[in-house]
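The values are calculated or read from the model by the stated rules, or taken from the named source; none is laboratory data. Keep in mind the model is a prediction, meaning the values are calculated, not measured. Heads up, the Cβs are rebuilt from the backbone with ideal geometry, glycines too, and the neighbour counts pull from every protein chain shown. Just the protein is used for accessible areas: all its heavy atoms, side chains included, with ligands, DNA and RNA removed. Shrake-Rupley method; radii C 1.70, N 1.55, O 1.52, S 1.80 Å.
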Amino acid sequence: MIHPTAPECGEPSPVLARASFTLAMLQNLVVIFEAAAENHPIVIEMTAGEVWAVTPDGTRLSIGVTTLPPPTDA
């Protein structure tokens, strides 16, 4: 991490998006980097219920869900 805290000068930038990540989601992201990115950036997309990684070649891969589905009765 190059800059662990926000700079003290000026107004803070507005938050554009938020995502909650579990350890499993971060591990999925590392696997995607190792398998598909080869030191290129990966784009993160957030939908209402899922977080996606978009590889440099445009492939969308699910990192994980942001909410758990409602329980179903057996």
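Data for the structure
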| item | result |
| --- | --- |
| Residues of the stretch 23-65: accessible area per residue with a 1.4 Å probe, Å² | 65 |
| Overall form of the stretch 23-65 per C-alpha gyration tensor (a/c, 1.5; a/b vs b/c) | oblate |
| Summed residue charge, Cβ within 13 Å of residue 52's Cβ, Lys/Arg positive, Asp/Glu negative | -1 |
| Fully extended contour minus Cα-Cα distance, from residue 15 to residue 57, at 0.36 nm per residue | 12.4 nm |
| Inter-label distance for residue 24 and residue 46, nm, one decimal - labels placed 7 Å from Cα along Cα-to-Cβ | 2.0 |
| HN-Hα J in Hz across the stretch 28-34 - Karplus 6.51, -1.76, 1.60, θ = phi - 60°, x for Gly and Pro | 4, 5, 4, 4, 5, 4, 5 |
| Area of residue 20 that stays accessible when all protein chains are in place (1.4 Å probe, Å², to 10) | 90 |
| 5 angstrom amide H check on residue 66, placed H, neighbours 5+ away | 50, 51 |
| Charge context of residue 17, other residues only, Cβ under 15 angstrom, K/R +1, D/E -1 | -1 |
